[in-house]
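The values are calculated or read from the model by the stated rules, or taken from the named source; none is laboratory data. Keep in mind that this is a model prediction, so the values were computed, not measured. Here the Cβ is made from the backbone with ideal geometry for all residues, glycine too, and neighbour counts use every protein chain on show. Please note that ligands, DNA and RNA were not included when accessible areas were found on the heavy atoms of the full protein model with its side chains. Shrake-Rupley method; radii C 1.70, N 1.55, O 1.52, S 1.80 Å.
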Amino acid sequence: MRDRITINGTFDAYIARPETIPAPAVVVLQELFGVNADIRQHCDELAGQGFIAVAPDLFWRQEPGVELSVNSEADWQHGISLYQAYNRDSGAEDVRDTAEAVTNLPECTGNVAILAIA
């Protein structure tokens, strides 16, 4: 099952669930391009391997729901602009909040890892 969840009622995250639960989880961190098709595919692949995979929208403060293409120069430039404006301290809190929210999902075993996609 693939879907979206809301973290702390504040920002969205893509979630891909494995067929067998309970399961450990992986928080998948986006690159410059938001939670785009590539990030969702990584999550789907992790779910296929038995993990709950969650990719939080880390650019939600600047442009919620942004999805950029790795094949577009304009999208690269836009992604770089978003990244330069990104507040790392707030982003770290978002990652922590996501990990805590995922840990508390009833289908999660409580084991959560962080994976940065580059």
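Per-structure values
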item	result
The range 1-49: Cα Rg divided by the 2.2 N^0.38 Å rule of thumb	1.14
Distance in nm between pseudo-label sites at residue 6 and residue 77 (7 Å out along the Cβ direction from Cα)	3.6
Simple label model, 7 Å out from Cα along Cβ direction - residue 103 to residue 41, nm	3.3
Accessible area expressed per residue, the chain, with surrounding protein chains retained (probe 1.4 Å, Å²)	53
Of all DSSP beta bridges in the range 12-118, antiparallel share, percent nearest 5	35
Helix-only mean residue ellipticity at 222 nm for the chain, each DSSP H run of n ≥ 4 adding -39500 (n - 2.57), per residue, nearest 500	-11000 deg cm²/dmol
Rg followed by Dmax, in Å, when the chain is reduced to its Cα trace	13.7, 41
Net dipole in debye of the chain [+1 Lys, Arg Cβ; -1 Asp, Glu Cβ; about Cα centre; nearest 20]	180
Only Lys, Arg (+1) and Asp, Glu (-1) charged, at Cβ; the range 8-65 dipole about Cα centre in debye	160
Paramagnetic reach from residue 113 (point 7 Å along Cα→Cβ, amide N under 19 Å) across the range 12-40	15-31, 39-40
